[in-house]
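Note sheet for the following structure.
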Amino acid sequence: MNAARLLLAGAVLTSAVALYAKPVARPAAPSAAELVAARQSGMDMSASALTLLKNASSNKVPLKNLAFPAGGLAKWAVALPTLFADSTKGAKSEAKPEVFTDRAGFNAKAQAYIDATKALAVAAAADDKPAFDAALASTGAACKGCHDSYKAAPPAKPG
C-alpha cells in the first residue's frame with residue numbers, strides 16, 4: 001500500500017513539474033553574416049597556419065612539433081565547406097556565385113583541401129619530411145585551385 005502511494009505521489013509530482021516547466025529555448029542558427037565572418041576568420045587562420053608550417057619546415061623544426069598546427073588545419077578543412085551554406089548565397093563576401101551554382105565542383109575542390117591537410121597532419125605526426133613537403137605543396141595547390149575558381153578578387157581600394 002505504501003509503495004502504491006509513493007508511486008502515485010511521484011506520478012502526480014512529475015505531472016505537475018511537466019505542466020509548469022518551460023521549454024528550453026533553442027539557440028538561433030548562425031546568421032549568414034556570422035557564417036561569412038567565421039569562414040573568413042578561418043581562412044585567415046588557415047593562411048597563417050600554412051605559412052607557419054612552411055617556415056618552420058624550412059627552418060628544420062622537427063615535424064613532430066608541427067603536428068598540432070597541421071592537425072588543426074586538417075580539422076578546419078573538414079569544417080570549411082559547411083560554412084558555405086545556401087543561406088550565405090546573397091551575403092556580402094568574396095565567394096563567387098559559382099560556389100552555390102557549381103556545388104559539385106566546389107565540393108570536389110574542398111575535398112582536395114581536406115585530403116591534402118589530412119596528409120599533412122599524418123606526415124607531421126610520422127616525422128616524414130618527404131611526405132610533409134609533398135603535402136605542403138598539395139595543400140597550397142588546393143587552396144589556390146579553390147580560390148582561382150570560387151573566390152572573387154577583393155574590390156580595388158580607392159586611392
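Since every read-out is calculated from the coordinates, none of them should be taken as a lab result. Nothing here was measured: the structure is a model prediction, and the numbers come from that model. Quick reminder, even Gly has a Cβ in these numbers, built from the backbone with ideal geometry, and neighbours come from all protein chains shown.
Evaluated over segment 32-150, the count of Lys pairs having alpha-carbon atoms less than 12 Å apart is 5 (only pairs 8 or more residues apart or interchain).
This model, with +1 at the C-beta of Lys and Arg and -1 at the C-beta of Asp and Glu, gives segment 32-150 a dipole about its Cα centre of some 140 debye.
Kirkwood analysis of segment 32-150, using all unique Cα-Cα pairs, places the hydrodynamic radius at 14.6 Å.
Given R0 = 25 Å, the distance between the Cβ atoms of Val78 and Lys157 translates into a calculated FRET efficiency of 0.15.
Applying a DSSP loop filter and a limit of 14 other Cβ atoms within 10 Å to the trypsin sites (Lys or Arg not before Pro) in segment 55-159 leaves Lys60, Lys89, Lys92.
Fully extending the segment from Lys89 to Phe68 would add 4.3 nm, taking 0.36 nm per residue of separation and subtracting the current Cα-Cα distance. Within 10 Å of each candidate Cβ there may be at most 13 other Cβ atoms; applying that plus a DSSP loop requirement, which chymotrypsin sites (Phe, Trp or Tyr not before Pro) in segment 65-108 survive? Filter output for segment 65-108: empty list.
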